[in-house]
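Below is one structure; the comments refer to it alone.
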Amino acid sequence: MAPILVIALRLLVPLTIFRWPLGGALASMIVDALDVVLVDAFARLLGEPGEFGPLYAQLDKWLDMYYLSIEAYIASRWPEAILRRTALALFAWRLVGVIAFEITASRELLVVFPNLFENLYLYVLIMHKLRPSLLPRTWAQMLLVLVILYIPKAIQEWVLHWEQLHPWQWLRETFIRPIVGG
């Protein structure tokens, strides 16, 4: 039951992106980042084993693409051509990477095809609200923004997909188990 609850959250929470593009995206990212922790917490609360099983790794990438597709739809409606085109190109790049990953099962491909789309999406929405003057208006400015956004994303992709470190295990041991017991 716990995995079903988490998958349901991963399907329902992204629908909030249509109403709240920034808040819904952040909520979707949080549920995605904490999926393993959440299944463990739900399982403990329900008194059942807390495992997703072997198919979840594949399902996870498609659940990511589900909410990223909703974000891409929102980005496709941005009036600024440079922002819209760049966002959609980055979305397509990630989609190609996910398809290549599914075909080859090579996690390293996810480092080559990072999810820079999501970082740009969040940057644009945040800057629209806080500092519109920091939105790129030329291709040179866009390149600078992408380089800056790429640095933390490259580190994250390398840690998760190249080194295959699992920060959620630390979260589980440090926060979830003390709260729900075990």
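Scanning the range 3-25 for residues that are hydrophobic (A, V, I, L, M, F, W, C) and modelled with pLDDT under 95 yields a total of 6.
Residues are listed down the side, and each one gets a yes or a no for (1) in contact with a Phe, Trp or Tyr (Cβ under 9 Å, 6 or more places away or on another chain); (2) surrounded by 15 or more Cβ atoms within 10 Å (Cβ to Cβ); (3) touching a residue at least 24 places away in the same chain (Cβ under 8 Å); (4) under 20 Å from Leu26 (Cα atoms):
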| site | (1), (2), (3), (4) |
| --- | --- |
| Tyr67 | no, yes, yes, yes |
| Ile70 | yes, yes, yes, yes |
| Ile82 | yes, yes, yes, no |
| Trp139 | no, no, yes, no |
| Met142 | no, yes, yes, no |
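I'd like the full set of residues that are buried (at least 17 other Cβ atoms within 10 Å of the Cβ), closer than 23 Å to Leu120 by Cα and either touching a His at 6+ places or on another chain (Cβ under 7 Å) or not hydroxyl-bearing (Ser, Thr, Tyr) (or both), limited to the range 1-21.
Hits for the range 1-21 are Arg10, Val13, Pro14, Ile17, Pro21.
With respect to the conditions (1) outside any helix (DSSP H, G or I); (2) over 26 Å from Lys129 (Cβ atoms), Leu63 lacks only one, and its number is (1). Taking the criterion of being in a helix (DSSP H, G or I), without any contact (Cβ under 8 Å) to a residue 40 or more places away in the chain and open to solvent by less than 40 Å² (accessible area, probe 1.4 Å), the residues of the range 110-137 that qualify are Leu116, Asn119, Leu120, Met127. Residues in the range 99-108 that are open to solvent by less than 40 Å² (accessible area, probe 1.4 Å) and in a helix (DSSP H, G or I): Ala100, Phe101. What are the residues in the range 78-98 that are assigned to a helix (DSSP H, G or I) and over 16 Å from the mean Cα position of the chain (by Cα), if any? Those that are assigned to a helix (DSSP H, G or I) and over 16 Å from the mean Cα position of the chain (by Cα): Ala81, Ile82, Leu83, Arg84, Arg85, Thr86, Ala89. Filter the range 84-96 for residues that are in contact with a helix residue (DSSP H, G or I) (Cβ under 8 Å, 6 or more places away or on another chain) and farther than 18 Å from Met29 by Cβ; which is surrounded by the most Cβ atoms within 10 Å (Cβ to Cβ)? My answer is Thr86.
Filter the range 144-153 for residues that are open to solvent by less than 80 Å² (accessible area, probe 1.4 Å) and either in contact (Cβ under 8 Å) with a residue 60 or more places away in the chain or not β-branched (Val, Ile, Thr) (or both) and give the result. Listed by number, the residues that qualify are Leu146, Leu149, Pro152, Lys153. Among the numbered conditions (1) in contact with a Leu (Cβ under 8 Å, 6 or more places away or on another chain); (2) at pLDDT 80 or above; (3) open to solvent by less than 90 Å² (accessible area, probe 1.4 Å), the only one that His161 does not meet is (2).
The values are calculated or read from the model by the stated rules, or taken from the named source; none is laboratory data. Because the structure is predicted, anything quoted here is derived from the model rather than measured. Using ideal geometry, Cβ is built from the backbone for each residue, glycine included, and neighbour counts are taken over all protein chains shown. Surface areas here come from the heavy atoms of the whole protein model, side chains and all, with no ligands, DNA or RNA. Shrake-Rupley method; radii C 1.70, N 1.55, O 1.52, S 1.80 Å.
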